[in-house]
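One structure is given here, and the rest of the page talks about it.
The values are calculated or read from the model by the stated rules, or taken from the named source; none is laboratory data. These figures come from a predicted structure and were not determined experimentally. Positions of Cβ are backbone-derived with ideal geometry, glycine not excepted, and every protein chain shown enters the neighbour counts.
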Ligand SMILES: Cc1cc2nc3c(=O)[nH]c(=O)nc-3n(C[C@H](O)[C@H](O)[C@H](O)COP(=O)(O)O)c2cc1C
């Protein structure tokens with residue numbers, strides 16, 4: 001495997017963390033990587049709520065049933081978007097998702113672990129997070145990245161399947 005592509009091919013969801021805090025530099029790198037993502041019409045409506053305080057992170061468990069790893073993660077990054085209206089409104093989801101994937105790959109590249117916790121389009125989770133953290137109307141949480149120092153890391157899986165690919169015509 002090419003060294004440069006290791007973060008892509010070795011990334012797995014990590015749900016088991018040591019509880020260590022992340023440095024400001026690590027958090028900055030993760031956020032900067034997220035913001036490097038492509039963006040529909042370059043609107044760049046992605047925005048982030050970063051939680052590093054354990055008590056605040058664990059509030060998410062009140063509104064998200066599959067977020068128990070936040071008890072030991074170093075940070076929770078809530079990746080949000082501002083739906084931009086018009087015909088291309090829904091592309092805000094793709095934009096925010098591209099940012100999320102960049103963040104997950106950056107975590108892998110830094111030797112950290114991360115997992116994407118789904119939020120949008122589940123209304124209870126979107127409104128639950130809005131209520132907990134005073135996220136303004138006009139901003140919608142798309143997903144949460146639980147990030148931290150891995151306590152254990154799942155093995156990479158080769159998922160290439162020839163039968164998923166159609167060449168030249170279906
Ligand atoms: C949109 C989306 C929502 C997800 N939500 C959760 C979640 O709520 N909790 C969780 O533990 N993992 C969640 N995951 C992670 C997936 O379960 C995981 O990516 C999948 O099982 C494949 O494993 P891998 O990431 O290790 O390759 C989510 C992934 C995506 C893309």
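Scan region 21-31 and give yes if some residue there is more than 28 Å from residue 137 (Cβ to Cβ), under 17 Å from the mean Cα position of the chain (by Cα) and either modelled with pLDDT under 95 or not in a helix (DSSP H, G or I) (or both), otherwise no.
The answer is yes, given that some residue of region 21-31 is more than 28 Å from residue 137 (Cβ to Cβ), under 17 Å from the mean Cα position of the chain (by Cα) and either modelled with pLDDT under 95 or not in a helix (DSSP H, G or I) (or both).
So is residue 51 within 26 Å of residue 138 (Cα to Cα) and either within 16 Å of the ligand (Cβ to nearest atom) or crowded, with 17+ Cβ neighbours inside 10 Å (or both) or not?
yes
Does at least one position in region 138-146 carry a residue that is assigned to a helix (DSSP H, G or I), at pLDDT 95 or above and either farther than 26 Å from residue 36 by Cα or away from the ligand (no atom under 12 Å from the Cβ) (or both)?
Within region 138-146 (the criterion being assigned to a helix (DSSP H, G or I), at pLDDT 95 or above and either farther than 26 Å from residue 36 by Cα or away from the ligand (no atom under 12 Å from the Cβ) (or both)), the answer is no, since none of the residues qualifies.
Can you give me the number of residues within region 77-97 that are in a helix (DSSP H, G or I) and closer than 30 Å to residue 21 by Cα?
Selection size over region 77-97: 5.
Would you be able to say whether some residue in region 106-119 is in a loop (DSSP other than H, G, I, E, B) and without any contact (Cβ under 8 Å) to a residue 40 or more places away in the chain?
There is at least one residue in region 106-119 that is in a loop (DSSP other than H, G, I, E, B) and without any contact (Cβ under 8 Å) to a residue 40 or more places away in the chain.
Would you say residue 128 is outside any helix (DSSP H, G or I) and either without any contact (Cβ under 8 Å) to a residue 12 or more places away in the chain or away from the ligand (no atom under 12 Å from the Cβ) (or both)?
no
It is to be established whether one or more residues within region 69-77 are farther than 15 Å from residue 31 by Cβ, in contact (Cβ under 8 Å) with a residue 12 or more places away in the chain and surrounded by fewer than 18 Cβ atoms within 10 Å (Cβ to Cβ).
Yes: one or more hits.
Any chance region 71-83 includes a residue that's at pLDDT below 95, more than 15 Å from the ligand (Cβ to nearest atom) and over 11 Å from the mean Cα position of the chain (by Cα)?
The answer is yes, given that some residue of region 71-83 is at pLDDT below 95, more than 15 Å from the ligand (Cβ to nearest atom) and over 11 Å from the mean Cα position of the chain (by Cα).
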